[in-house]
Structure formats: C-alpha cells, structure tokens
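What follows is a short report on a single structure.
The values are calculated or read from the model by the stated rules, or taken from the named source; none is laboratory data. Owing to the predicted nature of the structure, the values given are computational and were not obtained by experimental measurement. Please note: Cβ atoms are built from the backbone with ideal geometry, for glycine as well, and neighbour counts cover all protein chains shown. For accessibility, only protein heavy atoms count, side chains too; no ligands or nucleic acids. Shrake-Rupley method; radii C 1.70, N 1.55, O 1.52, S 1.80 Å.
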Amino acid sequence: MPRQSSPPAKSVSPAGSPNFKAIRSTRSFEEIAAQIRGELAEGRLKVGDRLPSERVLSEQFGVSRNTLREALRSLEHAGLVRLQKGATGGAFISEGSAEAITTGLMDMFHVGSIKPSQLTEARIWLETVIVREACARATKADLALLRQNISDAEAATTHGDYDSRVEIHLEFHRILARMTGNPIMVILMNGVLAVLRHFVHTIGESDNAFVLPSRRRFLKLMEAKDVEGAVTEMEASLKRLQRSYLSLAKEETPGNVKAATKRVI
C-alpha cells in the first residue's frame, strides 16, 4: 500500500517572521525557548508554522546547533514543538499537549513532592467543582454515558476483573470532567487520575464495595438536578476512598510493595 504523504506544513510568511535576537545568557537553551514562546504570544508564530532551519536559527540566536537542539527538545517535551525527521522535516509549532502536566505531576509524586494525602485531597477539591458544573450542563447523552459506565463497572466486578474495574471507575470521573465543557478541567482531572492510577496500583487490589451503590445514588441525584445532593454524595464517597487508600499505603514499606495482594475492605 503506497504511503500517504503528509499535508504540506505552513511556512512563516515574511510579514509575520519571528524576531529572534542573539543570545547572551549562560543558560542559552532556556532563553531560546523563552523567545520562541514570546513569538507565539505575539502571534508571529502560529500552530502549523515551520521554524527556520537549524543553520538559520543557530545563526540568528548566535549559538551552536547542539544548544539549539536542546532548546527545541525542551519545547517538544512541553508539547509546543513537533520535531519531524526526513526531507520534509523540521521543527513545527504544534497545538500543544497536556502530557507535560501529567508528566510533571507524576515526577513530583515519584520524588515525594506530592504526598498521597495531598493527591487524594486535591482530587476531592477538584471533583467538587467538576460535579457542580457537570450537574448544571448534563445532557441526556451524558447521563446515558454515566449509566453505561456504572453497568460496565458492575460487569467487571462480577467477573473479578480488577484492572478493568479500576479503569472504568476512573473513566467515570473523566466523563464528569468532559461534561464541564472546559478543557482545563479535563486536563487537570486527567493528570490527577494518571497519578492516582499509579498510586492505587502500588498499594494493591482492594474491594471498595461501597463505590457502586454510591455511583447509583449519585446518578439519581444528578438526574433529579439536585446539585448539592450530588456534590455531597461524591465527596462522601471520595473521602471514604481516601481513608481506604491512605490506610493501605501505611501498611507498605519502600522495599515491600505488595502490588498483587488483594485486600478486602
């Protein structure tokens, strides 16, 4: 099957060419990244634009190609630049990615800057805001998605499929975040849930039998447009989960993580 060619990338027009200046800082790669961000803010660079070649950029910035590449890689990790190889390759301005936020949160959790108690607490706070907005904006299609999610969780529980049950439960909260219609809330929730998933798997399986009944009550309250009732139900469920998770986490020691041990709460 013949390879499909990628659509041609936009080029920066002369009238909107980025205005880069020679670098004088000892942290050259950071200043390069800052200037490129500045050109985005000023509108002289837009999504889809291809940056000038490495040779041209290194001459404009007055730095070596290695320093330039370091700056471009940092922007790639931040989701602002896409580096493409080949004859039609180069550095392209991308639409941005939320992956940097998730990666940053995960790194902070790994090094201990975010504690399990802080993670679960922040989740409760964030969810409270999300539930209020989700209740206000819920459509019949949204409610149907939540209803199906609860059915899927019931099936996973019946079949003893712990991993699927975890993912389905997490998806319930992602659905609520999407119901707000605000991409920032979606990004934040996805980042928190990614770290929470990792945390839950490190402490091992648990049978939180109260979750599904709580979900059914929550959905009824949402369908009845009882915002305060829905918020109260969700907070009570998440706080109970928080106590469960933190209790299990205290049982573990750094050299004795029982990721495959099943506990019944």
Note to self: Skipping prolines and chain starts, which residues have an amide H placed within reach, meaning under 5 Å, of the one on Gly90, given they are 5 or more residues away or on another chain?
What the structure shows: Gln84, Lys85
Margin query: Leaving out ligands and nucleic acids, and using a 1.4 Å probe, what accessible area per residue does the chain come to in Å²?
Written below: 57
Check: What's the lysine pair count for the chain at a Cα cut-off below 27 Å, pairs eight or more apart or interchain?
Finding: 19
Item checked: Amide hydrogen neighbours beyond the local backbone of Ile114, cut-off 5 Å, H modeled -> Phe109
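Computing the accessible area with a 1.4 Å probe over protein heavy atoms, can you report the carbon and sulfur percentage for the chain?
On the way: 8090 of 15010 Å².
Summing carbon and sulfur atoms, their accessible area is 54 percent of the total for the chain.
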Next item on the list: Go through 148-159, 210-221, 172-183 and give me the packing order, highest mean Cβ count within 10 Å leading.
Entry: 172-183, 210-221, 148-159
Item checked: Value of [θ]222 nm, deg cm²/dmol, for the chain, DSSP H segments ≥ 4, -39500 (n - 2.57) each, nearest 500 -> -21000 deg cm²/dmol
Note to self: Two decimals, Cα atoms only, Kirkwood Rh: what is Rg/Rh over segment 137-189?
What the structure shows: 1.04
Margin query: I need the phi-derived Karplus couplings for segment 131-140: 6.51 cos²θ - 1.76 cosθ + 1.60, θ = phi - 60°, integer Hz, Gly and Pro marked x.
Written below: 4, 4, 6, 4, 4, 5, 10, 4, 10, 4
Note to self: Just to be sure I understand: with springs between alpha-carbon atoms less than 10 Å apart, which residue in Val129, Val111, Val227 has the highest mean-square fluctuation in the Gaussian network model of the chain?
What the structure shows: Val111
Next item on the list: Determine the percent antiparallel among the DSSP beta bridges restricted to the chain, to the nearest 5.
Entry: 55
Check: Scattering from the C-alpha atoms of the chain alone, worked out with Debye: what is log10 I(q)/I(0) at q = 0.10 1/Å?
Finding: -0.70
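Per residue, how big is the convex hull of segment 98-167 when only Cα atoms are used? Give it in Å³. Intermediate results must be reported in sequence, preceding the final value.
Working: hull volume 9.1 nm³, N = 70.
Output value, Cα hull per residue: 130 Å³.
Mean separation of Cα pairs under 8 Å and 6+ residues apart, divided by the residue count of segment 63-213: what relative contact order is that in percent? Each step should come with its number before you reach the end.
Working: 115 pairs, mean separation 34.2, N = 151.
The value is 23 percent.
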